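In what follows, a single structure is set out as structure tokens and then discussed.
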Amino acid sequence: MSVCVREMVENDIEAVVNIEKAALGSTWSVAAYRNELTNPAAYYVIAELTPGGEKIGYGGVWIVLDEIHVTALAVTPDFRGQKIGERLLAAMLAEGATRGATRATLEVRKSNEAAHGLYAKYGFVKAAVRKRYYPDNHEDADILWLHDMTDTAWKQRFQENQRLLATSAAQSSYPAAL
């Protein structure tokens with residue numbers, strides 16, 4: 001089994017809605033995703049088992065001026081814990097850096113320990129809380145920031161994470177995302 005991470009296209013929208021429903025219990029509308037794919041500031045990626053195969057995760061960002069805002073990141077429950085979310089995040093951060101972004105932000109459920117661990121691995125730190133942010137259960141969201149993607153230490157950290165991810169991918173027959 002191999003996983004491919006690639007840029008999302010319109011034909012992926014139905015699968016993305018299904019991934020989001022399975023992973024998060026709620027979804028954006030098909031129209032919202034179509035709009036995102038025409039938004040020049042948006043960049044969305046999808047993970048699939050083989051090129052053209054089952055879609056198992058996706059992520060999206062807005063890249064505005066020097067800032068990345070992670071808008072979405074989800075992996076179907078059956079494929080969690082296999083570094084697919086990390087590969088999606090890394091691909092989005094790399095694209096943002098290519099487009100000149102120097103920092104990144106996102107909101108994450110206070111209770112999502114796995115996501116907090118992933119984001120900390122890439123240098124995100126808690127900056128604030130959005131009270132009752134999530135409409136399904138009114139859970140608070142932590143606002144996280146990655147402050148300086150141009151910092152040499154952060155670039156080394158990113159490269160080391162990618163090296164480890166590639167090693168992990170090779171051991172589990174997943175090719176590296178970057």
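Quick check on the range 112-131: of everything there that is among the hydrophobic types (A, V, I, L, M, F, W, C) and under 16 Å from D148 (Cβ atoms), which residue is surrounded by the most Cβ atoms within 10 Å (Cβ to Cβ)?
F124
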Checklist entry - Does G60 satisfy the condition of being at positive phi and modelled with pLDDT of 95 or more? => result no
Checklist entry - Has the range 73-89 got at least one residue that is within 25 Å of N18 (Cα to Cα), of a type outside the set (D, E), out of contact with any strand residue (DSSP E or B) (no Cβ under 9 Å at 6 or more places or on another chain) and not in a loop (DSSP other than H, G, I, E, B)? => result yes
Next on the checklist: Suppose we keep only residues that are of a type in the set (G, A, S) and within 21 Å of G25 (Cα to Cα) within the range 102-148. Which one would you say is nearest to the chain's Cα centre (by Cα)?
Outcome noted: A115
Checklist entry - Here are some conditions: (1) assigned to a loop (DSSP other than H, G, I, E, B); (2) touching a Ser or Thr at 6+ places or on another chain (Cβ under 8 Å); (3) open to solvent by less than 80 Å² (accessible area, probe 1.4 Å). Y134 meets all but one. Which one does it not meet? => result (2)
Checklist entry - Among the residues of the range 140-178, how many are within 14 Å of K121 (Cβ to Cβ), surrounded by fewer than 16 Cβ atoms within 10 Å (Cβ to Cβ), among the polar types (S, T, N, Q) and at pLDDT 80 or above? => result 2
Checklist outcome for this item: Restricting the range 64-101 to residues that are over 13 Å from the mean Cα position of the chain (by Cα) and of a type in the set (A, V, I, L, M), the one most open to solvent (accessible area, probe 1.4 Å) turns out to be L65
Checklist entry - Is at least one residue of the range 131-141 under 19 Å from A166 (Cβ atoms) and in contact (Cβ under 8 Å) with a residue 12 or more places away in the chain? => result no
Next on the checklist: Anything in the range 26-63 that is open to solvent by 10 Å² or more (accessible area, probe 1.4 Å) and either of a type in the set (D, E, K, R) or part of a strand (DSSP E or B) (or both)? List them, or say none.
Outcome noted: R34, E36, A42, Y43, E54, K55, W62, I63
Checklist outcome for this item: Of those in the range 1-23 that are in contact (Cβ under 8 Å) with a residue 60 or more places away in the chain and surrounded by 15 or more Cβ atoms within 10 Å (Cβ to Cβ), the residue nearest to the chain's Cα centre (by Cα) is V5
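The values are calculated or read from the model by the stated rules, or taken from the named source; none is laboratory data. All values derive from a computational prediction rather than experimental measurement. In this analysis, Cβ positions are derived from the backbone assuming ideal geometry, glycine residues included, and neighbour counts consider all displayed protein chains. Protein only, heavy atoms only, side chains kept; ligands, DNA and RNA dropped before computing areas. Shrake-Rupley method; radii C 1.70, N 1.55, O 1.52, S 1.80 Å.
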